[in-house]
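This report concerns only the one structure given below.
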Amino acid sequence: MPRILVVAPNWIGDALMAQPLLARLRERLPAAHIDALAPAWVAPVLRRMAEIGQVIVTPFDHGEMRLRGRWQFARALKARRYDQAIVLPNSWKSALVPFFADIPVRSGYVGESRYGLLNVLYRAPRGVTRAPMAAHYARLAAPPRDKTTPPLPEPRLAVDAAEARATARRFGFAPPPAANAVLCPGAEYGPAKRWPAEHFARLAAALAKLGVRVWLLGAAGDREVCDEVAAASGGAAISLAGRTTLDEAIELIAASDFVVTNDSGLMHVAAALDRPQVALFGSSSPEHTPPRSARARVARIAIECSPCYARECPLGHFRCMRELGVGQVLSGLEQLDVLPAAQRIPAP
């Protein structure tokens, strides 16, 4: 039985984009034992993937090298006797642990010139920039020269429905038949991915007029923007940002009726839970990192400088998000048929 270690990405959304790779590995090697090596902030998502046997949490903070620490960690990992490591991040340091652990087959993209650290190398197709991330990762399930492109399975996370309902009750979600909406105003990558707080506030107020309970979710770093949305909404939205664990946030999204989110990790969580959602895109591209769910709708406006993939608007006008109106988002929700039908109102 082959033993495979997958070195996971450092971002929640990227980890979910890697799940089709895991599914393809399981299809090709049904008896394989697949573990994941991941930072603590990504581990809760990976633990909910059926393809993974165990998640091994790395003791390294984002960006730090700690060469000796990586060597010591890898020598302890060597006892697990993995046959192959698949390294998903492109960084040089992410390939060090499999190399130090003497894992015989170490595969991944060339990335930061990782010749020697990896011994099965993949290259992105020439002339292709920002290919769909899920397909980019899924290529690593087959040999480098294999050009077949079978359909990609959709990412899915396992959530116990009873546990999700219990978490929702604990945080105050309104019981059925009332509707609960989750809004996610944050995006860790940078401000250029964030729909303006005042837009989220106007959306929350419009939803509250329809009788929808509105909840704001995000990490501790999103607390400031979520508190801003809550204040500007006139009490229509309640912020839970920084007040939940990632596991609790996943369960709250699973218990929600619909989600509105920036292009962020929680967008991909909502898609993997198959929740109806409207995903907001500005500086990034829905062709590169789409919410992979039939119940997702993308809201964006086509302007000449989008997508730029910048952390902050390089031109200073931020039109790609400022000009994306609340009405467009409400229209997407109406297409999903998730709004209370009796009192639908025009956008503010």
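Annotations
- When Ala158, Ala131, Ala181 are checked against the criterion of being under 30 Å from Ile103 (Cβ atoms), modelled with pLDDT of 95 or more and under 23 Å from the mean Cα position of the chain (by Cα), a single residue qualifies: Ala158.
- Residues that are surrounded by 16 or more Cβ atoms within 10 Å (Cβ to Cβ), of a type in the set (Val, Ile, Thr) and in a loop (DSSP other than H, G, I, E, B) occur in the range 159-171; there is at least one.
- Subset tally (residues that are surrounded by 19 or more Cβ atoms within 10 Å (Cβ to Cβ) and more than 20 Å from Tyr109 (Cα to Cα)) for the range 13-42: 1
- The set of residues in the range 92-118 that are polar (S, T, N, Q) and surrounded by 15 or more Cβ atoms within 10 Å (Cβ to Cβ) comprises Ser94, Ser107.
- Residue in the range 255-266 that is in contact with an Asp or Glu (Cβ under 8 Å, 6 or more places away or on another chain), touching a residue at least 24 places away in the same chain (Cβ under 8 Å) and either over 23 Å from Phe173 (Cα atoms) or not charged (D, E, K, R) (or both) present: yes
- Index of the failed condition, Pro290 passing every other in (1) surrounded by 24 or more Cβ atoms within 10 Å (Cβ to Cβ); (2) touching a residue at least 60 places away in the same chain (Cβ under 8 Å); (3) within 24 Å of Val159 (Cβ to Cβ): (1)
- Considering residues of the range 59-91 that are surrounded by 14 or more Cβ atoms within 10 Å (Cβ to Cβ) and aliphatic (A, V, I, L, M) only, the residue nearest to Arg24 (Cα to Cα): Ile86
- Only a single item in (1) surrounded by fewer than 20 Cβ atoms within 10 Å (Cβ to Cβ); (2) not in a loop (DSSP other than H, G, I, E, B) is not met by Ala254, and it is number (1).
- Summed over the range 184-207, residues that are under 17 Å from Ala299 (Cβ atoms) and either over 23 Å from the mean Cα position of the chain (by Cα) or outside any loop (DSSP other than H, G, I, E, B) (or both) total 13.
- Matching option when the condition is in contact with a Pro (Cβ under 9 Å, 6 or more places away or on another chain) and over 18 Å from Ala271 (Cβ atoms), among Ala18, Ala31: Ala31
- Some residue of the range 193-206 being out of contact with any Cys (no Cβ under 6 Å at 6 or more places or on another chain), closer than 23 Å to Asn10 by Cβ and not aromatic (Phe, Trp, Tyr): yes
The values are calculated or read from the model by the stated rules, or taken from the named source; none is laboratory data. This is a predicted model, so every value here is computed, not measured. Counting neighbours? That spans all protein chains shown, and the Cβs are built from the backbone with ideal geometry, glycine included.
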